[in-house]
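Here the structure is laid out as structure tokens; the discussion comes afterwards.
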Amino acid sequence: MSKIVIVGAGYAGMAAAAHLDKAGTPFTIVNNHDYHYLTTLLHEAAGGRGPGENYQVPIKEVLRQDSSQLVLDEITGIDREKKVVIGKAGQYEFDYLIYGMGWISEYFGIKGLKENSLSITNLDTAVQIREHIENEFKAYTTDGDKRHLRIALGGAGLTGIELMGELLEYLPELCKSLNIPFSEVDLQCIEAMPTILPMVAAHLRPYVIETLTQKGGKLRTNTKIMEVTPGVVHLDGGETVEAGTIVWTGGVRANPLLTDAGFNVDRRGRGKVNSFLQSADDDHIFIVGDSAWAEDENGKPFPPTAQMAEQMGALAAHNLISLLSGQPLKSFKPRNWGTLCSLGSDVGVGDAFGVPIKGVTAALAKEGSKAKYLWELGGMRLAGNRTKQMMRI
């Protein structure tokens, strides 16, 4: 019997695991936690909407077959010649590998940015950001230093804008609990490009700006971060922003394991794959999710989104089963469901199946997407158990 190993329990890895589990195909999934966290909702945990456990799904709630094994370990390398995945606690032989280790933050060479900022890279760091902000605000009640109440967000893409929306709902509550006037809070999002949310229709962006600024946020475009020192963001032109909390949301790149293992990668460290999602270097290895350098028929890379990762994981598992049974493989032809950006719990912007939406409609669509994902991952059993915990109803 072929040894199948999945590394990483992100959207792609979990979709692959769920598909293999339903098919009764034995496999081992290796992950550093016993839960799958919902990356697209981590801004909610960081922004104070709910506790961290609301955004995790125990992996064993998805795996129903005895032949589906979970191993807790942190993967540190891949030996393609020996067909071994290397972890801190052991090594895992494979005949076929589905690699879905996801991404890390991209700092674009900005001096001091990595060392002197926080970043939403996983559930633990999301919770850390919320706790850090709370501690800064508490410190203000002791020494009165207004720098504690200044929050600088770097990057006005999806994560930065969604985090800003959450904070603008949560911070007034936090201020009230600590007897701090919310008017003293300075929350600003700093973006080097001339516009925000490039993945959202241009005519919707003024609505985003109006919504966030009316709530007390500041959006600064055409403003480049040159350096970050402890507690200080240095901007192009010499201006400095002294802030108790600095959060970077400005970019991602693939986990460096593929580069370190000698795979053919693009400038963001993603491994080159064919149309079946097999590695260009080894057809026994499928690369999925944000780790995959996959292109459409026009040579355009697919965007690193959760919906793409989920579809990649499911197809990789399907193709692996087809390989084992001698059946033809399917090419990756994903469906784009649209992009949704929340601006807090009540309103948002985006598109659904190509139709632009905003306001409450977009917020409801975002909430519905949570239930849809859980249903796809674990059926009604999982969706029923988890949806109320994650949605405000």
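Considering only residues that are more than 21 Å from the chain's Cα centre (by Cα) and surrounded by 15 or more Cβ atoms within 10 Å (Cβ to Cβ), which ones fall in the stretch 261-271?
Residues of the stretch 261-271 that are more than 21 Å from the chain's Cα centre (by Cα), as a first pass: 261-264.
Correct list: Ala261, Phe263.
Of the numbered conditions (1) assigned to a helix (DSSP H, G or I); (2) closer than 30 Å to Lys83 by Cα, Arg253 satisfies every one except a single condition; which is it?
Here Arg253 meets the rest and fails (1).
Suppose the filter is part of a helix (DSSP H, G or I) and more than 20 Å from the chain's Cα centre (by Cα); does Ser331 pass it?
Judged against the criteria, Ser331 is not a match.
Is there a residue in the stretch 237-253 that is within 25 Å of Ala352 (Cα to Cα) and of a type in the set (Val, Ile, Thr)? Lay out the reasoning, then the answer.
Here is the first cut: in the stretch 237-253, the residues within 25 Å of Ala352 (Cα to Cα) are 249-252.
When the remaining residues are screened for being of a type in the set (Val, Ile, Thr), the result is 249, 252.
Among the residues of the stretch 237-253, at least one is within 25 Å of Ala352 (Cα to Cα) and of a type in the set (Val, Ile, Thr), which makes the answer yes.
Does any residue in the stretch 13-41 that is at positive phi come within less than 6 Å, Cβ to Cβ, of a residue that is modelled with pLDDT of 95 or more and not in a helix (DSSP H, G or I) six or more places away or on a different chain, and which pairs are these?
Pairs found: Gly24/Gln65.
Please specify each residue of the stretch 187-220 satisfying the condition of being closer than 26 Å to Tyr140 by Cβ and either crowded, with 17+ Cβ neighbours inside 10 Å or free of Cβ contacts under 8 Å to residues at least 40 places away in the same chain (or both).
Leu187, Gln188, Cys189, Ile190, Leu212, Thr213, Gln214, Lys215, Gly217, Lys218, Leu219, Arg220
Going by what's in this entry, would Glu367 be described as at pLDDT below 95 and under 28 Å from Met199 (Cα atoms)? Walk me through it before giving the result.
Details: at pLDDT below 95: yes; under 28 Å from Met199 (Cα atoms): yes.
When the stated conditions are applied, Glu367 passes them.
Are any residues in the stretch 267-278 under 26 Å from Lys82 (Cβ atoms) and either without any contact (Cβ under 8 Å) to a residue 60 or more places away in the chain or part of a helix (DSSP H, G or I) (or both), and if so, which ones?
Of the residues in the stretch 267-278, the ones under 26 Å from Lys82 (Cβ atoms) are 269-274, 276-278.
Matches in the stretch 267-278: Gly269, Arg270, Lys272, Val273, Asn274, Phe276, Leu277, Gln278.
From the list Glu184, Glu136, which one is more than 22 Å from the chain's Cα centre (by Cα), of a type outside the set (A, V, I, L, M, F, W, C), assigned by TED's automatic domain parsing to the domain that holds Gln214 and buried (at least 16 other Cβ atoms within 10 Å of the Cβ)?
Glu136
Quick check: is even one residue across the stretch 61-74 under 30 Å from Asp282 (Cβ atoms), without any contact (Cβ under 8 Å) to a residue 12 or more places away in the chain and either among the charged types (D, E, K, R) or outside any strand (DSSP E or B) (or both)?
Yes, there is a match, as at least one residue in the stretch 61-74 is under 30 Å from Asp282 (Cβ atoms), without any contact (Cβ under 8 Å) to a residue 12 or more places away in the chain and either among the charged types (D, E, K, R) or outside any strand (DSSP E or B) (or both).
In the set Lys88, Lys83, which member is within 30 Å of Lys3 (Cα to Cα), out of contact with any helix residue (DSSP H, G or I) (no Cβ under 6 Å at 6 or more places or on another chain) and buried (at least 18 other Cβ atoms within 10 Å of the Cβ)?
Working: Lys88 fails: buried (at least 18 other Cβ atoms within 10 Å of the Cβ).
That would be Lys83, the only listed residue that is within 30 Å of Lys3 (Cα to Cα), out of contact with any helix residue (DSSP H, G or I) (no Cβ under 6 Å at 6 or more places or on another chain) and buried (at least 18 other Cβ atoms within 10 Å of the Cβ).
Does at least one position in the stretch 366-375 carry a residue that is of a type in the set (A, V, I, L, M), in contact with a Leu (Cβ under 7 Å, 6 or more places away or on another chain) and in contact (Cβ under 8 Å) with a residue 12 or more places away in the chain? Steps first, please.
The first filter runs over the stretch 366-375 and keeps only residues of a type in the set (A, V, I, L, M), leaving 371, 374.
Then drop every residue that is not in contact with a Leu (Cβ under 7 Å, 6 or more places away or on another chain), which leaves 374.
Checking which are in contact (Cβ under 8 Å) with a residue 12 or more places away in the chain leaves us with 374.
Yes, the stretch 366-375 contains at least one residue that is of a type in the set (A, V, I, L, M), in contact with a Leu (Cβ under 7 Å, 6 or more places away or on another chain) and in contact (Cβ under 8 Å) with a residue 12 or more places away in the chain.
Pick from Gly338, Gly299: which is part of a loop (DSSP other than H, G, I, E, B) and under 21 Å from the mean Cα position of the chain (by Cα)?
Working: Gly299 fails: under 21 Å from the mean Cα position of the chain (by Cα).
After applying the criteria, what remains is Gly338.
Out of the residues in the stretch 346-382 meeting the condition of being crowded, with 19+ Cβ neighbours inside 10 Å and among the hydroxyl-bearing types (Ser, Thr, Tyr), tell me which one is nearest to Glu166 (Cα to Cα).
Checking each candidate, the answer is Ser369.
For the subset of the stretch 174-201 comprising residues that are of a type outside the set (A, V, I, L, M, F, W, C) and assigned to a loop (DSSP other than H, G, I, E, B), which member is farthest from Trp248 (Cα to Cα)? Steps first, answer last, please.
Looking only at the stretch 174-201, we keep the residues that are of a type outside the set (A, V, I, L, M, F, W, C), and these are 176-177, 179, 181, 183-184, 186, 188, 191, 194-195, 198.
Keeping just the survivors that are assigned to a loop (DSSP other than H, G, I, E, B) gives 179, 181, 191, 194-195, 198.
On the way: Asn179: 28, Pro181: 26, Glu191: 11, Pro194: 18, Thr195: 17, Pro198: 17 Å.
That would be Asn179.
Quick check: is even one residue across the stretch 313-323 more than 22 Å from Ser279 (Cβ to Cβ) and not charged (D, E, K, R)?
From the stretch 313-323, those more than 22 Å from Ser279 (Cβ to Cβ) are none; that's our starting set.
Scanning the stretch 313-323 turns up no residue that is more than 22 Å from Ser279 (Cβ to Cβ) and not charged (D, E, K, R).
Among the residues of the stretch 162-181, what is the count of those that are surrounded by fewer than 16 Cβ atoms within 10 Å (Cβ to Cβ) and touching a residue at least 60 places away in the same chain (Cβ under 8 Å)?
Summing the residues that are surrounded by fewer than 16 Cβ atoms within 10 Å (Cβ to Cβ) and touching a residue at least 60 places away in the same chain (Cβ under 8 Å) in the stretch 162-181 gives 1.
Of these, Asn31, Asn54, which one is at pLDDT below 95, assigned by TED's automatic domain parsing to the domain that holds Gln307 and surrounded by 15 or more Cβ atoms within 10 Å (Cβ to Cβ)?
Values: Asn31 fails: at pLDDT below 95.
Selected residue: Asn54, the only one of Asn31, Asn54 that is at pLDDT below 95, assigned by TED's automatic domain parsing to the domain that holds Gln307 and surrounded by 15 or more Cβ atoms within 10 Å (Cβ to Cβ).
Restricting the stretch 1-28 to residues that are at pLDDT 95 or above and assigned to a loop (DSSP other than H, G, I, E, B), which is farthest from Phe286 (Cα to Cα)?
As a first pass, look at the stretch 1-28 and keep what is at pLDDT 95 or above: 3-28.
Checking which are assigned to a loop (DSSP other than H, G, I, E, B) leaves us with 3, 8-10, 24-26.
Numbers: Lys3: 14, Gly8: 12, Ala9: 14, Gly10: 15, Gly24: 19, Thr25: 16, Pro26: 17 Å.
Checked the stretch 1-28; the qualifying residue farthest from Phe286 (Cα to Cα) is Gly24.
Please go through (1) assigned to a loop (DSSP other than H, G, I, E, B); (2) at negative phi for Val85 and return the number of the only condition it doesn't satisfy.
Only one criterion is unmet by Val85, namely (1).
The values are calculated or read from the model by the stated rules, or taken from the named source; none is laboratory data. From a predicted model like this one, the values you see are computed outputs, not experimental measurements. Glycine also receives a Cβ, built like all others from the backbone with ideal geometry; neighbour counts cover every protein chain displayed.
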